[in-house]
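First, the structure itself, so that you have it in front of you.
No value in this document is a laboratory result; all are computed from the given coordinates. On a predicted model such as this, the values are computed, not experimentally measured, just so you know. Cβ coordinates were reconstructed from backbone atoms using ideal geometry, including for glycine residues, and neighbour counts include every protein chain displayed.
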Amino acid sequence: MEVIVGYAEEPPQWNMSPIAKEAKKDIHEIWQREVGEWNIRPIAKKAKKDIHEIWQREVGEVYPRVFAHRIAGSEDLVRRLDVHAKLEKHRGCVNTVSFNAAGDILVSGSDDRSVVLWDWDAQHVKSSFHSGHSNNVFQAKIMPFTDDLSSVTCAADGQYKVSVTVPLCLSPQFV
């Protein structure tokens, strides 16, 4: 499985706290001072525009879906993506990958019916378990607001399953 560097979901602008709004204002001022004054060639202007769109997405000025639709059509940006790492654990075709809300954990599901939680940046497995499905896993998500301890999967067997990962410190041998 190859991991392409991406961006985690950010809360929309209208849910930003007053502190986040102030930080966004400061970042915008820095952007204008540092990047907004660049005097560059026309080819580089496209790159500057792409960077600005990503920045707008990260600070919540653009709806995530609008950004995704706009960027998905940007062949130039897609061509500049590169492989960050190859994560190897599954024995079958990987059908789904998804990040947690913070973007530091990647969950994957496969034809081998297993679910793997990865620390994708450090390139190691945090947890791995059989999904309990009788057929290929086609979707796996880490449930929000569960401290990344719950995940949900659905598979070709027509079922969905909710899994709870118990932290090592709460395992019976430590309690």
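Just in the stretch 88-169: which chymotrypsin sites (Phe, Trp or Tyr not before Pro) are loop by DSSP and have at most 12 other Cβ atoms within 10 Å?
PHE145
For the pair LYS49 and HIS69, what calculated FRET efficiency results from E = 1/(1 + (r/R0)^6), where r is the Cβ-Cβ distance and R0 = 25 Å, to the nearest 0.05?
0.95
Report Rg/Rh for the stretch 53-155, rounded to two decimals, where Rg is the Cα radius of gyration and Rh the Kirkwood radius.
Result: Rg/Rh = 1.01.
A further question follows. So if we plug the beta-carbon distance of GLU88 and HIS130 into 1/(1 + (r/R0)^6) with R0 = 25 Å, what FRET efficiency do we get, rounded to 0.05?
0.90
Continuing with the same structure: For ALA85, what residues show an amide H to amide H distance below 5 Å, using hydrogens built from the backbone and excluding near sequence neighbours?
VAL3
Amide H neighbours of THR165 under 5 Å, at least 5 residues apart or on other chains, H built in the peptide plane: list them.
Long-range HN contacts for THR165: SER150, SER151.
Calculate the spin-label point distance for ASP104 paired with VAL162, positioning each point 7 Å from the Cα along the beta-carbon direction, and give it in nanometres.
Those two pseudo-labels are separated by 2.5 nm.
Just to confirm the filter: which trypsin sites (Lys or Arg not before Pro) across the stretch 81-175 are DSSP coil and have at most 10 other Cβ within 10 angstrom of their Cβ?
Of the trypsin sites (Lys or Arg not before Pro), the ones in loops of the stretch 81-175 whose Cβ has at most 10 other Cβ atoms within 10 Å are ARG91.
Right, another one. Apply the Karplus parameterisation 6.51 cos²θ - 1.76 cosθ + 1.60, with θ equal to phi minus 60°, to every residue of the stretch 139-151 and state each ³J(HN,Hα) to the nearest whole Hz, in sequence, with x for glycine and proline.
8, 9, 9, 8, 6, x, 6, 10, 6, 6, 9, 10, 9
Something else about it: From the cross-link list LYS49/LYS141; LYS89/LYS161; LYS89/LYS126, which pairs have alpha carbons spaced over 23 Å apart?
From LYS49/LYS141; LYS89/LYS161; LYS89/LYS126, over 23 Å: LYS49/LYS141.
Long-range amide H contacts for THR146: which residues qualify at under 5 Å (H placed 1.01 Å from N, peptide plane, sequence gap of 5 or more or a different chain)?
Answer set, sorted by chain and number: none.
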